[in-house]
Amino acid sequence: MVTVERVAIRLFSTAEYHRMAGAGVFGPQEKVELLEGRIVTVPPQGPLHAATVRRLMQLLLRLGVDPAMLFVDQPVSLGEYGEPVPDIALVEPDPQGRDYADAHPGPGQLRLLIEVSDSSLEYDLLAKSRAYASAGIGEYWVVDVRNRRVHRFTAPTAERYSRVEVLEEGVELVILGREVPVCQLFPPRTAE
C-alpha cells in the first residue's frame with residue numbers, strides 16, 4: 001500500500017520577495033516577478049517583442065497620453081502576493097504626488113495593463129488574466145505578436161474577466177476613446 005503525503009504549496013508575500021531580491025537570491029540578469037505568491041522567471045524579450053512595445057508606447061504618446069502615466073517594464077502591486085511587471089501600464093497620477101516613490105501603483109491607480117506576448121502567450125492569457133481580474137484591474141490586453149491580434153479583457157470578477165474580445169488585424173481597437181486599427185500595434189511584416 002502506497003501512502004500519499006499531504007503537500008502544500010508555499011506562497012511568498014511581496015515583503016519576502018523583496019527580502020530575497022535584496023539578499024541577491026535572483027541573479028543580476030534574471031528577470032522575475034511575483035504572481036499569486038509564486039516567483040516566476042520571465043523569458044527575455046526578443047526583437048519582435050521589443051519592437052511591439054516601442055510601437056505601443058509611440059502610439060499611446062501620439063494619442064495624448066501623459067508620459068508620466070506610462071510605466072514600461074516596471075512593477076505594479078496586486079496586494080500582498082502579487083508584484084508582476086507588465087510590459088506597459090497606464091496609471092493614474094500618484095495620489096501622494098511623489099511619482100510612486102513610496103509604493104508601486106496598485107489596482108486603484110491602474111487604468112490599463114498590457115502584456116506583449118511572444119513566448120509567454122499561455123501564461124499571459126491564463127495566469128496573468130486571472131491575477132489581474134481578481135485584483136480588479138478594469139482592462140487588460142495581451143498583444144499576441146505571432147498571430148498579430150489583441151486579446152482584450154474587461155469586466156473583472158473575483159476569478160476571471162467576464163468579457164474577452166479577440167481583435168484581429170482587420171478591426172479597430174478603441175484606445176482612450178479613439179479607434180485605432182489593430183495592425184498599427186505591430187511592426188510591418190517582413191518580406192517572405
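I'm trying to understand the selection: among the residues of the stretch 17-37, which are crowded, with 16+ Cβ neighbours inside 10 Å and either without any contact (Cβ under 8 Å) to a residue 40 or more places away in the chain or assigned to a helix (DSSP H, G or I) (or both)?
TYR17, VAL32 - these are the residues of the stretch 17-37 that are crowded, with 16+ Cβ neighbours inside 10 Å and either without any contact (Cβ under 8 Å) to a residue 40 or more places away in the chain or assigned to a helix (DSSP H, G or I) (or both).
On the basis of being among the hydroxyl-bearing types (Ser, Thr, Tyr), touching a residue at least 12 places away in the same chain (Cβ under 8 Å), open to solvent by 40 Å² or more (accessible area, probe 1.4 Å) and touching a helix residue (DSSP H, G or I) at 6+ places or on another chain (Cβ under 9 Å), does SER134 make the cut? Spell out how you get there, then give the answer.
Working: among the hydroxyl-bearing types (Ser, Thr, Tyr): yes; touching a residue at least 12 places away in the same chain (Cβ under 8 Å): yes; open to solvent by 40 Å² or more (accessible area, probe 1.4 Å): yes; touching a helix residue (DSSP H, G or I) at 6+ places or on another chain (Cβ under 9 Å): no.
No: the conditions fail for SER134.
Inspect all residues belonging to the stretch 46-66 and state whether any of them is touching a residue at least 60 places away in the same chain (Cβ under 8 Å) and in a strand (DSSP E or B). Break it down stepwise before answering.
Here is the first cut: in the stretch 46-66, the residues touching a residue at least 60 places away in the same chain (Cβ under 8 Å) are 46, 48-49, 51-53, 55-56, 59-60, 63-65.
Imposing the further condition that a residue be in a strand (DSSP E or B) reduces the set to none.
Checked the stretch 46-66: no residue is touching a residue at least 60 places away in the same chain (Cβ under 8 Å) and in a strand (DSSP E or B).
Kindly indicate whether any position in the stretch 166-176 is small (Gly, Ala, Ser) and modelled with pLDDT of 95 or more.
Within the stretch 166-176, the subset small (Gly, Ala, Ser) is 170.
Next, from what is left, pick out any that are modelled with pLDDT of 95 or more: none.
So far as the stretch 166-176 goes, no, none of its residues is small (Gly, Ala, Ser) and modelled with pLDDT of 95 or more.
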> Inside the stretch 83-131, can you point out the residues that are under 16 Å from VAL150 (Cβ atoms), part of a loop (DSSP other than H, G, I, E, B) and open to solvent by 40 Å² or more (accessible area, probe 1.4 Å)?
Replying inline: ASP118
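Tell me, please, whether a residue that is of a type in the set (Phe, Trp, Tyr) and either over 20 Å from ILE175 (Cβ atoms) or more than 18 Å from the chain's Cα centre (by Cα) (or both) can be found in the stretch 20-42. Before you say what the answer is, go through the steps one by one.
Start the filter on the stretch 20-42 by keeping residues that are of a type in the set (Phe, Trp, Tyr), which leaves 26.
Restricting the remaining residues to those that are either over 20 Å from ILE175 (Cβ atoms) or more than 18 Å from the chain's Cα centre (by Cα) (or both) gives 26.
For the stretch 20-42, residues of a type in the set (Phe, Trp, Tyr) and either over 20 Å from ILE175 (Cβ atoms) or more than 18 Å from the chain's Cα centre (by Cα) (or both): present.
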>> Kindly evaluate ALA155 against the criterion of being open to solvent by less than 70 Å² (accessible area, probe 1.4 Å), assigned to a strand (DSSP E or B), without any contact (Cβ under 8 Å) to a residue 40 or more places away in the chain and touching a Lys or Arg at 6+ places or on another chain (Cβ under 8 Å).
In response: yes
> Somewhere in the stretch 167-178, is a residue in contact (Cβ under 8 Å) with a residue 60 or more places away in the chain, part of a strand (DSSP E or B) and under 18 Å from the mean Cα position of the chain (by Cα)?
Replying inline: yes
> Based on what the data block shows, is LEU48 open to solvent by less than 20 Å² (accessible area, probe 1.4 Å) and not charged (D, E, K, R)?
Replying inline: no
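The values are calculated or read from the model by the stated rules, or taken from the named source; none is laboratory data. Given the structure is predicted, the values throughout are model-derived calculations rather than measurements. Every residue, glycine among them, receives a Cβ derived from its backbone with ideal geometry; neighbour counts consider all protein chains shown. Protein only, heavy atoms only, side chains kept; ligands, DNA and RNA dropped before computing areas. Shrake-Rupley method; radii C 1.70, N 1.55, O 1.52, S 1.80 Å.
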